[in-house]
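The values are calculated or read from the model by the stated rules, or taken from the named source; none is laboratory data. From a predicted model like this one, the values you see are computed outputs, not experimental measurements. With ideal geometry, Cβ positions are generated from the backbone for all residues, glycine too; neighbour counts draw on all protein chains shown. Only protein heavy atoms, including side chains, enter the accessible area calculation; ligands, DNA and RNA are left aside. Shrake-Rupley method; radii C 1.70, N 1.55, O 1.52, S 1.80 Å.
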Amino acid sequence: MKEKLKIAIQKSGRLSESSLKLLKECGIEFDNGLNKLKAEAFNFPLEVFFLRDDDIPQYVEDGVADIGIVGENVTLEKNRYVKLVDKLGFGKCRLSIAIPKDQKYKSIKDFNGKRFATSYPVILGEYLKRNKIKAEIQEISGSVEIAPGIGLADAICDLVSSGSTLFTNGLKETEVILNSEAILVANKKLKKEKLHILDKLLFRINAVKKAKNNKYILLNAPNNKLKAICEILPGMKSPTILPLEEKNWSSVHSVVEENQFWEIIEKLKINGAQGILVIPIEKMII
Ligand code: PRT
Ligand code: ZN
């Protein structure tokens, strides 16, 4: 039987959709019917396991799964012997300390002798130790944000993304302990054949990630402005220039990074570019 790579992804939760989407964008097709625990890809040597996120680091450490997609927060909390292969750019959040909003706050020293409620006792414990704070940690598995209101704790340590859960529960964020996102983790002792499949998968993941961070741009410009315009456009090698039917005009094609995008567009306009079109890129292989 040909070797297959086993990947664990979250069955249902905040990372599920994006994990499935990433595999799909990598051109990997499988049947992920409801209530399935396992699926085999039709066109890539991959087997997909659908699991609770908390179990993924352990399964990967034990080799039940070879790789997994899981939050950095969960990986650190579970403290398992796995390798961080890649950051995936979705599921972004932060693990923060929060206190009732009308309470005064000066510094983390304020937490000496206080009680925390959290689902992240390991990460919080290490953070407090590093900062030489002696406090009590109460581990709870859900609805952490209500703990101060019911007198269970003075402060909480929980995941925050928009901040609206904290706000509606009358809490304010005081310290960010960890910035987290979904990561790809791998078993540390993968066999050569499996590493080879992982390399193929990573090649595709990187092409998808790169494409997301870049846009394809087309514009028209009079030939006497081409030099200035080409200096603004970085491109993968250098911009492509094609003559237009209209005399002394050209069409310029290039690739622009998302984070420099608006700045570049402004400069292009100032330098005489017209009819600028911006197109998403599906895959990008350099
Ligand atoms: O069932 P299973 O155990 O698999 O899932 P789960 O319920 O334990 O986890 P799930 O699906 O809620 O989250 C999976 C992962 O998504 C987390 O481990 C994080 O890596 C990531 N993630 C990103 C988040 C958030 N953003 C997030 N906002 N996980 C949880 N939250 C919660 C947070 O705990 C709080 O209750 O959302 C609330 C805060 O959100 P805001 O927007 O109000 O600030
Ligand atoms: Zn969970």
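Side notes on the structure shown:
- Shape call, the chain: gyration tensor on alpha carbons, a/c limit 1.5: oblate
- Among the listed pairs Lys87/Lys134; Lys92/Lys172; Lys21/Lys210, those beyond 26 Å (Cα-Cα): Lys87/Lys134
- Accessible area of the stretch 191-244 belonging to carbon and sulfur atoms, whole % at 1.4 Å probe: 57
- Note that the stretch 214-280 presents 65 Å² accessible area per residue, ligands and nucleic acids not counted, probe 1.4 Å.
- Taking the charge dipole of the chain about its Cα centre, with +1 at Lys and Arg Cβ atoms and -1 at Asp and Glu Cβ atoms, the residue from Gly63, Leu22, Leu277 reaching farthest to the positive side is Gly63.
- Dipole magnitude of the stretch 93-180 about its Cα centre (Cβ charges: Lys, Arg +1; Asp, Glu -1), debye to nearest 20: 400
- Assigned charges on the beta-carbon of Lys, Arg, Asp, Glu; the chain dipole about Cα centre (debye): 620
- Pairwise Lys count, the stretch 214-280 - Cα closer than 18 Å, eight or more residues apart or different chains: 10
- 3J(HN,Hα) along the stretch 45-58, derived from phi through the Karplus expression 6.51 cos²θ - 1.76 cosθ + 1.60 where θ = phi - 60°, amounts to x, 9, 10, 10, 9, 9, 9, 6, 4, 4, 8, 4, x, 5 Hz, with x in place of Gly and Pro.
- Neighbours of Asn214 by Cβ distance under 13 Å: Lys/Arg scored +1, Asp/Glu scored -1, total +2.
- Ranking of Arg14, Arg204, Arg52 by solvent-accessible surface, largest first: Arg14, Arg52, Arg204 (1.4 Å probe, protein heavy atoms only, all chains present).
- Think of each Lys and Arg Cβ as +1 and each Asp and Glu Cβ as -1; about the Cα centre, that makes the dipole of the stretch 214-280 roughly 160 debye.
- For the chain, the mean residue ellipticity at 222 nm estimated from helices alone is -8000 deg cm²/dmol, where every DSSP H run of n ≥ 4 contributes -39500 (n - 2.57) and the total is divided by all residues, rounded to the nearest 500.
- Candidate cross-link partners of Lys189 among the lysines, defined by an alpha-carbon separation under 16 Å and a same-chain spacing of 8 or more, comprise Lys4, Lys6, Lys83.
- For the chain, the residue among Leu171, Trp262, Asn206 whose Cα projects farthest onto the positive side of the dipole built from Cβ charges is Asn206.
- Charge dipole (the stretch 119-251, unit charges on Cβ, about Cα centre) - positive-most of Leu190, Tyr120, Ile133: Leu190
- Protein-only accessible surface at a 1.4 angstrom probe places the residues Cys157, Cys230 in the order Cys230, Cys157, largest first.
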